[in-house]
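Every number here is computed from the coordinates shown, using simple stated rules; none is lab data. Predicted model, so just to flag it, every value in this text is computed and none were measured. Heads up, the Cβs are rebuilt from the backbone with ideal geometry, glycines too, and the neighbour counts pull from every protein chain shown.
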Amino acid sequence: MATDAQVFPASEPARWTYLDKIRTRPGPFTNRDLFEGKNVAENMEKMKVLVIGAGGLGCEILKNLSMSGFKDIHVIDMDTIDLSNLNRQFLFRHADVGKSKAEVAANFVMKRVKGVKITPHNCMIQDFDEDFYMQFQFVVCGLDSIEARRWINATLVNMVDEEIEDSYKPLIDGGTEGFKGQARVILPTVTSCIECQLDMHAPRAAVPLCTLASIPRQPEHCIEWAHVIAWENEKPFPKLDNDDPAHINWLYQKALLRAMEFNISGVTYSLTQGVVKNIIPAIAATNSVIAAACCNEALKIASNCAPCLGFPDNNYMMYSGNDSIYTYTFKHEKKDDCPVCGNLARELAVDPAWTLQELIDSFAARPEAQLKKPSVRAEGRTLYMQFPPSLEQQTRPNLEKKLTDLGLEQGQEIGVTDPAFATVSFKFKLKFTKKT
Amino acid sequence: MTEIVMSQTPPILHGPSEKERKYDRQLRLWAASGQAALESANILLVNSGAGTVGVETLKNLVLPGIGRSAIYDDETVTEADLGVNFFLEESSLGKSRSQNLTELLLELNPEVQGSWYPNEDIKSLESLLSSPSVFTVILYTNPIKPEYLSLLESYSQKHKTPLVAIHSAGFYSYFQINLPGAFPIVDTHPDETATTDLRLLAPWPELVGFAKDLTRDIDNLSDFEHGHLPYVVILLHYLEKWKADHGGSCPSTYKEKTEFRSIVQKAARTDNAEGGEENFDEAAAAVLKTLVVPSLPSGLKEVFEYEHAEPAEQKSGFWLIADAVKKFYEKHQSLPLPGKVPDMKAQSKVYIQLQNIYKAKARQDAAEILETVQATPGGEDIDPAEVDLFCKNAAFVKLINATGGKIKRADRLKEVAAQEAVSDEMAEMTLQPLSLLPIYLALQPTAHVSSGDKISADGILEGVAKLVPGAEENERVVQAAHEVARAEGGELHNVAALVGGMVAQELIKIVTKQYIPIDNTCVFDGINSRTQVLRL
Amino acid sequence: MLKIWSMKKEQQKAENAEGAAAGGKKKKVTAAQLRVQKDLSELSLGTTMRTDFPDPDDILHFILYIEPDEGMYKGGRFSFTFNITPSFPHEPPKVQCREKIYHPNIDLEGKVCLNILREDWKPVLNLNAVIVGLQFLFLEPNASDPLNKEAAEDLRNNREGFKRNVKTAMQGGAVRGESYERVVV
């Protein structure tokens, strides 16, 4: 079996000897149809990989990918280094506080690991368009915000173009909270996506506004009151900055006075900060587990030297270290009605010379759904809404206009809804039948 | 006991210290007490083989501020080390691995003390282990020289030091924690939702009186008051009524409880603006959860029934308190009240009163236990805070490694192998994942094979046959042996980092005595991204 | 590199699934916007409500006017700003009353205490559920969990007095030393 197979080192064979034995030789579980040891090391050195987040997980991911034979890595993070990062974000030192996370992390890893190139981007993921994301072979995410995860997920799923092999970008995502975490692999349109899996994130329990206003019982109620109500009424500073100790102090004082009024104990500065910033406890050990689980999948995806999560079955690993160690690795099923991956745009052949009215009439004849009262929008452009009346009136003049005069272009997406289809909405990608 | 009374003016603000700010995200998990324990710990890593998994573990302990770390490592840095170990650099080549690792690890946290061996003064593991420095925990990584292992084992026995073995090769890894005796944990951090203990079936006079006062004239309460009765009070009121109609007994069967629930539900007023009452909804929802006759939780039962292997153990604070709690339980047929009241719809003042009634009872119970402890020889100096903590967590106290070394390890492995084989046969029916024991078995024969030496799959299987005769024919063991052979003793950085994270979590749990450590072996399969904990 | 493309082909062969459309990298319709579009086209405003979109191309921001035709607030016109974030429907819309009004469940800043706008929001709820809830607040103001405590006390203790105060406040008068905005049509 495996052990006698040949090793195929690319460059620096002595350095990567352990890695090459695994990634360039098949093992008993390697899928031989996909695996070709000869090209693995060389291909991996050429791959371009994107890391999103240079925080707790991101620092680990950058280290792990550089120690896994990847040589061209980009990293995006808009944050600067804070003192409270130093208990786990091991690429940063005290002297780095205030500097860009992406830049410091990139420089550190490049200095430590010979031959790896890391390109930092000190900005938001939303600052880049599809052309940027298209250049990478896969994306590894270490984020603390669900919002950003959903954005990159939707972007990568939307980039899928059946005709273009290279448009399928695997997304490997990790997250932690205290001693717990999860690692998952998303193969756009093949496995379930982040949007399908949103139910795995428990939403933050909200307290009724009226409880805060009139019957507080817990220290958290006093803090939320200071945060949501007292701040708005008194506006002690122009804009609340959660990272400004003076602002947190103000909220703490307010919360404390309110707690005394109601004989509630337990309001502390630390709790105030925790509630206001929604702080999630984080430690180096858990980040190490989850980031490594993600990068282990990255190595398998890049080399095919062992089967990865996502294909054929399990795509999600849950980890908990609170009570012994418990992992649950399972297949999270794709949702047919997922608004991101369950609703890809279909092609719609239209004559660019049509008026909007003609386009709308044509929906009534579509085989998949005879839309009698369709409302139509493009991103950032309301074309025609049947309802509510004020919008109908505002958009009615568009009906007479030609599609091209409305700014619609070849390949543009439009969203179509109809009250007759309560649970579905349609996305179409315009394909002009004539030159414009 | 003293109660801290809050002064009427807010205290002068002391923002968090620099250290509190740096450690903020972890203090929210293990608090100042856990941090103090961590900072007084002294960890030794005896590093061998490819040498990454132990270092990744230390990284995750240096960052949160472990007190001292020491590395013993005979190797000098090679080119292959630079391809797997992040805490070495080009300039380390050819130099002492322990020294270079220590220097780059200590950069991560200036508050941590570190030392490396062998050095000018201490030239061997033997002399290190006979030095006055006492280690809190010792880690070693396979493949280790057999003579080193026996040195460590005898040190561990002599000093009662937890000894952790780690082995990482290719996609496979395991680690095993050998605790020197039974290891009790009080501060187990159970899920918030599991901790509610309201004693509705056995309320004490103050609680009964409070509920009666609020519900004496329940039908004539204003909508506002009625809609703000705490659900505890609602349930106590209708329980009284139920008992009056049922010869003094509480609803006990499922059928009775659902009947009781609908009585509570129907008692809500619906002719108000909201068309219902949230507090009655809460009361109805709490019926099945809270009307439960308390039984002795399994973790605590194990503590109560534990027979001490050594008399010295019995004198520790934990066991003295445990004995007192046992006496309390035998006398009252209930555990000390934890005293926490979950949030529920209620007026602020009423809720705080209710909270104080629970707190007062909890203090009373704790005081009784403290008295028993102090009356026991050796119990005079027990910290009352330790008693309080035990009382708050009594239902969730846990004993790890309770059976210690009573069964010989080699026999236990055979026993577990037989059990795992049976459960694998039924796996398809029970939908349980397959055992990871084959990975452990395949790694065992390489525990002392240094990373330069190749060992074939056949060689590994021969070793397996000696451990568990017959296992070498199991198809999954054969596959695992081939997978281990493929690595030739080399580590994958990701697997080392992953397992280093798990081991660090476990050491934090052991050092802080918080959360619950594994008992005692964790196997990781990097091909399927799974773990399994086995008691071996 | 894992070949998702060929995997996908296999998967499609098996499922005989319908493919997605090809070509282009033009602006995509986001999930939040499509959902708002759907919710808007299903609103039931009746005769007492209407919407106003300052920018019809931006459907995430609009104003809702309510003119109750019964109850204590009859004769007034109340307006609410709706701010919908890209996280909709996983986050509720942010709704605020634009006038300073005398109401137990709306504070002087315009914050609204409506369970489905905060603790009881679920993605299956839609904008119609929100406007129905707002409308209900004017028909049945609720004294038990107030944001405006004074108004709630008045409602609880003296319903007739409360009704008079509502009239005064809607005319732009002062109640308990607090002056309110004129909202009568």
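Miscellaneous remarks
- For A:K111, C:K28, order by how many other beta-carbon atoms lie within 10 Å, fewest first: A:K111, C:K28
- For the range C:55-110, the equivalent ellipsoid built from the Cα gyration tensor has semi-axes of 24, 14, 10 Å, listed from largest to smallest.
- Contact order normalised by residue count of the range C:30-174, Cα under 8 Å, 6+ apart, percent: 20
- Separation of the range A:307-322 and the range B:181-226, taken as the distance between their Cα centroids, equals 41 angstrom.
- Note on the protein assembly as shown: dipole from Cβ charges, positive end direction compared against B:T446, A:N287, B:P384; the farthest Cα belongs to A:N287.
- Among A:27-36, B:139-148, A:341-350, A:279-288, the order from most to least packed when residues are scored by Cβ within 10 Å on average: A:279-288, B:139-148, A:341-350, A:27-36
- In a fully extended conformation the segment linking A:H94 and A:D129 would gain 9.2 nm over its present Cα-Cα distance, using 0.36 nm per residue.
- Across the cross-link table entries A:K235/C:K100; A:K239/B:K22; B:K414/B:K454, which are compared at the Cα atoms, the separations over 24 Å belong to A:K239/B:K22; B:K414/B:K454.
- Chain B: angle of helix B:53-62 to the longest principal axis, Cα-based, in degrees nearest 10: 50
- Cα shape, the range A:175-215, gyration tensor, a/c 1.5 rule: oblate
- Base-10 log of normalised Debye intensity for the range A:346-432 (one unit scatterer per alpha-carbon) at q = 0.20, 0.22, 0.23, 0.26 Å⁻¹: -0.92, -1.13, -1.25, -1.61
- Amide H to amide H, with H built 1.01 Å from N, B:N42 comes under 5 Å of B:R68, B:T136, B:V137, counting only residues 5 or more places away or on other chains.
- Ellipticity estimate at 222 nm from DSSP helix runs (n ≥ 4, -39,500 (n - 2.57)) divided over chain B, nearest 500: -14500 deg cm²/dmol
- Cα gyration tensor shape for the range C:30-174, rounded if a/c is under 1.5, else prolate or oblate: prolate
- Between helix B:205-215 and chain B there is an angle of about 60 degrees, using the helix long axis and the longest principal axis of the Cα atoms.
- Using the Cβ-Cβ distance between B:V293 and A:D244 with R0 = 51 Å, the FRET efficiency computed as 1/(1 + (r/R0)^6) comes to roughly 0.45.
- Counting Cα-Cα pairs of the range A:19-75 in 5 Å increments starting at 0 gives whole-percent bin shares of 4, 18, 24, 19, 16, 13, 6, 1.
- Efficiency of FRET between A:I146 and C:E150 - r from beta-carbon atoms, R0 30 angstrom, step 0.05: 0.15
- Shielding value for A:316-324 is 6, the average number of Cβ atoms from other chains within 10 Å of each residue's Cβ.
- Hull-based mean projected area of the range A:209-277, where the convex hull spans the alpha carbons, in square nanometres: 4.0
- Degrees between helix B:254-266 axis and first principal axis of chain B (Cα, 0 to 90, nearest 10): 60
- Distance from the C-alpha centroid of the range A:324-377 to that of the range B:469-527: 46 Å, rounded to the whole angstrom.
- Over the residues of chain C, the helix contribution to mean residue ellipticity at 222 nm works out to -9500 deg cm²/dmol, using -39500 (n - 2.57) for each DSSP H run of at least 4.
- Among C:Y73, B:Y238, a tally of other beta-carbon atoms within 10 Å of each Cβ gives an order, fewest to most, of B:Y238, C:Y73.
- Surface/4 of the Cα convex hull for chain A, nm²: 27.7
- For chain B, the mean projected area of the C-alpha convex hull, equal to one quarter of the hull surface, is 32.1 nm².
- For the range B:198-290, the Stokes-Einstein estimate of translational diffusion at 10 °C and a viscosity of 1.306 mPa s comes to 118 µm²/s, using the Kirkwood hydrodynamic radius over alpha-carbon pairs.
- By the Stokes-Einstein formula, at 1.567 mPa s and 4 °C, the range B:298-400 with its Kirkwood radius over alpha-carbon pairs has D equal to 88 µm²/s.
- Placing a label point 7 Å from the Cα of B:K414 along the Cα-to-Cβ direction, the residues of the range B:501-536 with a backbone N closer than 19 Å are B:535-536.
- Exceeding the 24 Å Cα-Cα cut-off - candidates B:K359/B:K509; B:K212/B:K331; A:K435/C:K27; B:K349/C:K167; A:K48/A:K114; B:K59/B:K158: B:K359/B:K509; B:K212/B:K331; B:K349/C:K167; B:K59/B:K158
- Each residue of the range C:110-119 was assigned a 3J(HN,Hα) from its phi angle through the Karplus expression (A = 6.51, B = -1.76, C = 1.60, θ = phi - 60°), giving x, 5, 10, 9, 9, 3, 6, 8, 9, 6 Hz with x at Gly and Pro.
- Centre separation in Å (Cα based) which lies between the range A:49-87 and the range C:35-93: 43
- Applying 1/(1 + (r/R0)^6) with R0 = 45 Å to the Cβ-Cβ distance of A:K334 and B:R269 gives a FRET efficiency near 0.45.
- For the range B:409-487, convex hull volume per residue from C-alpha positions, Å³: 85
- Inter-chain Cβ neighbour average for residues B:84-91, partner chain, 10 Å: 4
- Taking the square roots of five times each eigenvalue of the Cα gyration tensor of the protein assembly as shown, the equivalent ellipsoid has semi-axes of 53, 44, 27 Å, listed largest first.
- In this label model, A:Q410 and A:Q357 are separated by 2.9 nm, measuring between points 7 Å along each Cα→Cβ vector.
- Kyte-Doolittle mean at least -0.5 and Cα axial length at least 18 Å: DSSP H helices in chain A: A:146-159, A:245-261, A:284-303
- About its Cα centre, the range B:34-143 has a charge dipole of approximately 280 debye under the convention of +1 per Lys or Arg Cβ and -1 per Asp or Glu Cβ, with nothing else charged.
- 10 Å Cβ neighbours from other chains, averaged over peptide A:291-304: 5
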